[in-house]
Structure formats: structure tokens, C-alpha cells
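Worksheet: the structure to be examined is printed underneath.
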Amino acid sequence: KTFALINVHFAIIIGSYPKEIGTDAEVGNQWRIGNAKQVVELTKALAQKYGNIPMFLTGDFNSTARHEPYRILTEFFADSLTVASDFRSKPTATYHLVGEAPDVNGLPVDFIFVTKGNTEVLRCEIISDEDMINSTDHCALITDLKI
């Protein structure tokens, strides 16, 4: 079956970056909005070329569901965390310091998005076990899909 997989790491600008890159959080947000618009344009081009194929968008978006880039993306994509028939973990932040548990009151910045209407999300889980916490600064997402 033909499908498309796009993996991204959206821009982040924080105070620890060199001044020539920028430190303003709003500049970073504008970059991420631009990243989201680029992805939507790419997916529209893929749909025009290949038809209504399933498309999957994964990665670190450096944005939560409360931010504009997420809103832009969810006009075209569905968030597997919110549409899964079976969500097997507690909602939690997906970013954390290595060796420290993620904020259970935080929101994910990592997502698996699927195109609407041609993919069924059966299960989704944020992995935040000890191995994950000690090996990286992001929790993995696992999603079972039916295409």
C-alpha cells in the first residue's frame, strides 16, 4: 500500500542559543508556524500527486496543542493522541530532562499525526518508563494504525 511518512523537528529558539540565532520566544513560534505551513503545503502536493493516500507526520514539534502550529496541522491531520480508540497512558509532557520524569501536568510536544479519513488509530501510548527517562530527553510515542 502506498503511504507517506514525514518526520520533522520544528524550530526552537530559547535564551541559551547564541544571540545571532535569536532568543525571542515569539521568533521561535513564528518559525514553527512557518514549519507547520510548509508541512501542510508538502502534504497537499503529495495528495495531488498520489491521491488520497495515508500520510503520517511524526516528530518533535516544540509546540503543544495550545499553540498555533498544532492548530494549522490539525486542519489537515488528526492527532493520534486524541483520536486513538485505546489510549494506554496518562497524558503527560513528552519532553523532560534526562533522568527525570516528565511533568504529569504538562502537554506533549511530540506527536504522531495521521491524515483524516483514511487511517484508523487503534492505540496510542506515551512511553515514559525508566529506560526512556534515562536514555533521552523525549518520551517515545507508539501508535497502532489500520490503513
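The values are calculated or read from the model by the stated rules, or taken from the named source; none is laboratory data. All values derive from a computational prediction rather than experimental measurement. Methodologically, a virtual Cβ is constructed for each residue, glycine included, from the backbone with ideal geometry; neighbour enumeration extends over all protein chains shown. Quick note on the areas: whole protein, heavy atoms, side chains included, nothing else; ligands and nucleic acids left out. Shrake-Rupley method; radii C 1.70, N 1.55, O 1.52, S 1.80 Å.
Numbers below:
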{"item": "Neighbourhood net charge (13 Å Cβ-Cβ; Lys/Arg +1, Asp/Glu -1) for A47", "result": "+2"}
{"item": "About the Cα centre, charge dipole magnitude for segment 83-147 (Lys/Arg +1, Asp/Glu -1 at Cβ), debye", "result": "400"}
{"item": "Carbon/sulfur fraction of accessible area - segment 86-147, other protein chains in place, 1.4 Å, %", "result": "51"}
{"item": "Segment 48-80-segment 124-138 distance, computed between alpha-carbon centres (Å)", "result": "22"}
{"item": "Solvent-accessible heavy-atom area per residue, rounded to whole Å², over segment 60-147 at 1.4 Å", "result": "52"}
{"item": "Within the chain, percent of DSSP bridges classed antiparallel, to nearest 5", "result": "65"}
{"item": "Ordering of 124-131, 27-34 by packing [mean C-beta count within 10 Å, highest first]", "result": "27-34, 124-131"}
{"item": "Within-14-Å neighbourhood charge of F111 [Cβ basis; K, R +1; D, E -1]", "result": "-1"}
{"item": "D_trans [Stokes-Einstein, Kirkwood Rh over alpha-carbon pairs] for segment 1-130, 20 °C, 1.002 mPa s, µm² s⁻¹", "result": "135"}
{"item": "For segment 60-147: rounded, prolate or oblate by the Cα gyration tensor [a/c cutoff 1.5]", "result": "oblate"}
{"item": "Under 29 Å from the Cα of K146 - lysines, other chains or at least 8 residues apart", "result": "K1, K37, K44, K49, K90, K116"}
{"item": "Chain lengthening between A65 and H9 when straightened (0.36 nm per residue, less Cα-Cα)", "result": "18.6 nm"}
{"item": "Positive-pole candidate from H96, I127, A84, dipole of the chain, charges at beta carbon", "result": "A84"}
{"item": "Over the chain: helical MRE at 222 nm, DSSP H runs n ≥ 4 each giving -39500 (n - 2.57), nearest 500", "result": "-8500 deg cm²/dmol"}
{"item": "Electrostatic dipole magnitude of the chain [Cβ: Lys, Arg +1; Asp, Glu -1; Cα centre; debye, to 20]", "result": "740"}
{"item": "Amide H contacts under 5 Å for A4, placed H, 5+ residues apart", "result": "M55, F56"}
{"item": "K49 accessible area, assembled protein chains, probe 1.4 Å, Å²", "result": "150"}
{"item": "I147 versus I127: modelled label distance in nm, points set 7 Å from Cα along the beta carbon direction", "result": "2.0"}
